[in-house]
1. List, in order, the whole-Hz ³J(HN,Hα) value for each residue of region C:93-101 obtained from phi through the Karplus relation with A = 6.51, B = -1.76, C = 1.60 and θ = phi - 60°; use x for Gly and Pro.
2. With unit charges on the beta carbon (Lys/Arg positive, Asp/Glu negative), name the residue among B:352, B:37, B:94 whose Cα is farthest towards the positive pole of the charge dipole of chain B.
3. Provide the descending list of Cα extents for region A:23-175 along its principal axes, expressed in whole angstroms.
4. Let a ≥ b ≥ c be the square roots of the eigenvalues of the Cα gyration tensor of region B:1-65; is it rounded (a/c under 1.5), or, if not, prolate (a/b larger than b/c) or oblate?
5. Run the numbers on chain B and let me know its relative contact order in percent, using alpha-carbon pairs under 8 Å that are six or more apart.
6. My understanding is that a pair violates if its Cα-Cα distance is over 30 Å; which of C:130/C:252; C:142/C:269; A:140/C:106; C:34/C:217; C:76/C:199; C:36/C:244 do that in this structure?
7. Can you tell me the length gained on complete extension of the stretch residue B:304 to residue B:236, counting 0.36 nm per residue apart and subtracting the Cα distance?
8. Pop out the ³J(HN,Hα) list for region B:112-125 in order, Karplus 6.51 cos²θ - 1.76 cosθ + 1.60 with θ = phi - 60°, rounded to Hz; leave Gly and Pro as x.
Amino acid sequence: MGSASSLCWGRAPRQGKAKNMNFYTKFCAMLSKISLILAVIGLLAVVLCVQWQVIGRYVLNDTPTWAEALALLLVLFVTAFGLAVGVRDAGHIGLESLVVLLPEKWQHRIEILIHGLVGLFGALMVHGGWLWMMAKWNEKKPMMPVPDGIDYLPLVIAGVLIVLFSIEHIIALLRGQVVEPAWN
Amino acid sequence: MELTVLALSFTLLLIIGVPVAFSIGLASVATILAAGLPVAVVFQKMVGGMQIFSFLAIPFFVFAGELMLYGGIAERIVRFANSLVGHVRGGLGMSNVIGCTLFGGVAGSPLADVSAIGSVMIPLMKKEGYDADYAVNVTTHAALVGAIMPTSHNMIIFTLATSGIASVSVLSLILAGLVPAILLTLCNLGAAYYVAVKRGYPTRGAFPGWGEVMRAFGASLPGLLVVVIILVGILSGAFTATESASIAVAWALFITAVVYRTMSWKNFMTACAKACKTTGVVLLLIGISNAFGYFMALYEVPQLTGELMKSISSEPWVIFFMINVLLFILGTFLDMAATILICTPIFMPIAMQFGMDPVQFGIVMLINCALGLNTPPVGSVQFVGCAIGGISVGQVMRSILPFYSALGICLLLVTYVPAFSMWLPNLITK
Amino acid sequence: ATFRSADIHNADDYPTVVAVKYMSDVLEKKSGGKYKIKVFNKGALGTEKETIDQVKIGALDLTRVNISPMNAICQKTQVPTMPFLFHSVEHMRKSLDGPAGEEILKDCEAQGFIGLAFYDSGARSIYAKKPIKTVADVKGLKIRVQQSDLWVSLIGAMGGNATPMPYGEVYTGLKTGLIDAAENNIPSFDTSKHYEAVKFYSKTEHSMAPEMLLMSKVIWDKLPKADQDMIRSAAKESVAVQRKKWDEQEAKSLAVVKAGGAQIVEVDKASFQAVMGPVYDKFIVTPDMKRLVKSIQDTK
Ligand code: NA
Ligand code: NA
């Protein structure tokens, strides 16, 4: 069941496993696992926030005005960590049927190019996110005692992780290895 | 000029296999550079797109679906469906349709549906002597119903894609999906029966009696109640759609962990992790599509498309037909969420001008997207079905026609007979 | 050059949309066709908050927004939002046209915005399932507010249960009883169809927070002084058009909601004014803001 649903997200499973995991792969695997744990904690907290809002409105007759704002902020972090892990586990949906028509050697080159482009977008996320975060750091977020710029922090985090994971993929491709999901 | 950059770079990136969300993102960056505007706007639209309160319902529905997938709700639903129709000709096919429809209703996404029911039913059907292509087609087509049965996170995505064009309530959309979902299910049952008779599949066993049916129903009821909770929650005014979705999560966890006692700690963690990854994938797509939408608004793509279509015909039925064809073609290449987010702002205004209600348009859109999930080159539901059935996409095409025609008939009915979608929401919300 | 201007309102004939289009005509004439403005309404370029940020970095030339989302960016904009500050529409128009209004517009400049004009947004009042006559009637009511500290605090001071909620969910919320009330001006009460859900529009007129037309300082600084003056005066000319259109819109909407069964309730405003002290204490914090409040109150 698990393998079936991961199949649909990812590319076709290939032979060959990373035997001698190098330091960088270990580091990325650990980052990916930590990211996913943080995402899970965040997701559970989002559920609790929204339920607390319901309780506040009905039981306390005093709607917690911060609950929605906090849930929205947390969901950005869940998304950031989740999408970065998705990049590492090759989880983002793409079209691949046309590349299959090319000779093997070119398929390999194009796969490297794809990870390079994904990494490039990650770098742009870091840049754009940082710019907005700084521009809006002095504005207060409504309903919460935090800067408005914090909305863009998840973008920076996700961007950094995407760059790291894309590099990992490129190295693995060059060595003829496959990046294994750290936690499934 | 900027529009050419947008279209060309997006198509090129997509063709070489860059994931859809990143293709949209990089194409947006290229376009904004061509337009001479600050690149930072792309990232503003991205975060803005992820940050609308109603979007919280998406992670919740995804999470509830994963909990049900890993918590043993699917098996009970299959048992109930089997007791009901297992004895007729092609019985396992029929129970597969019913099981998929019910589970699709609670779990919200065709993909979760085909994974959950398919992994139980497809091997079982093969063991009982059904051909693999039949087993896969029955499952994958029945799973599509999950996209329009309440609860569906794709409906939430649609309501958000409509903002700025018309205000569509989640409730109306949920209600509008019910009758077409039943219609689709009947069509699926008909197709399953037709192929079973044509191929001479055997009947198996006898009707177990209503007592057994009720017992099996009772066992699957707590799982099925999720839909009821959400509908009653919103209808009674107790909760918003988002709050209802969060309560569905709590309920799914309660049922699987406390009532059924089928949720292990390991499965729970897996469900959580899967939900986070899917949330990341879906919300990235939503966020980045918001940037794409910004360009389409800036360069007035919806108006241009509308004028182009009006220059071809001024007959509503021709316009609706063109919209269907275009949605179908785009849907075969793109994922459901991407199709909804990109196509709604383009086609909904023109559909409305020719008298289609936004809610009806939503259902037309969802059925088209669902069809795309079972159509090459990118049919994610079809991929999963084939993987479970151990056959290729080419093999599955052998018996796809009856199922496909059934879906096509439904699509035409929903497009040209407003009552199929609009009767129930008008009855309840007016 | 064609400037791009954002607006979130859907109707192409909404008063602020019409006003900016009028400003474009004036500007085109004055500049001999050199400048024009294209209005992107229906929120096509983003939410009010997003367009404000785009203006700040120069990605967008102009935006027409309510003053509320500016509150967190430019402190003095909180002043015209304050409850019961203006005692009539005439008082509001006079104050904003005068030195107080100029000072507030000018204050946005340090944050990267050229404040060009204030437009009317009418008076906001509470509408609910029941009539509200004095502040005691508000006690315990679940009232939808915008996501802003000021609005939460304002409803809180009245004794209501402030419930932030996206605008799009308010109709269903009122209809199903998830919330008891909301607050807005008459045209919004009409166009949102909220009058179908709740019938009593009680004229609390608790705030007359205006709309603003902002231009990007990044774009502005690239223009010659003569052209800047042209833009300023075109914006000022559009204000009268907006106000006229606004009054017509209000009269039209009032007729629509009344025909739809809504009842307009007169309110004991003094009872509301009496409980607003804490809101002023919390938000009017600097000597400049206090002086501005005083000068508006003293405007005759
Ligand atoms: Na569903
Ligand atoms: Na497809």
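1. Taking θ as phi minus 60°, the curve returns 4, 5, 5, 6, 6, x, x, 4, x Hz for region C:93-101.
2. B:94
3. In descending order, the Cα extents are 66, 33, 32 Å.
4. Numbers: a/c = 3.73, a/b = 1.64, b/c = 2.28.
Here region B:1-65 falls in the oblate category.
5. 25
6. On the way: C:130/C:252 24 Å; C:142/C:269 20 Å; A:140/C:106 21 Å; C:34/C:217 19 Å; C:76/C:199 35 Å; C:36/C:244 23 Å.
Result: C:76/C:199 exceed 30 Å.
7. Taking residue B:304 through residue B:236 to full extension adds about 20.3 nm, to one decimal.
8. Rounded to whole hertz, the list is 4, 5, 5, 5, 6, 6, x, 6, 8, 7, 4, x, 4, 5.
The values are calculated or read from the model by the stated rules, or taken from the named source; none is laboratory data. As the structure is a computational prediction, the values presented were derived from the model and not from experiment. Ideal geometry is used to build each Cβ from the backbone, glycine not excepted, and the neighbour counts take in all protein chains shown. Side chains are part of the model used for accessible areas, which takes the heavy atoms of the whole protein and leaves out ligands, DNA and RNA. Shrake-Rupley method; radii C 1.70, N 1.55, O 1.52, S 1.80 Å.
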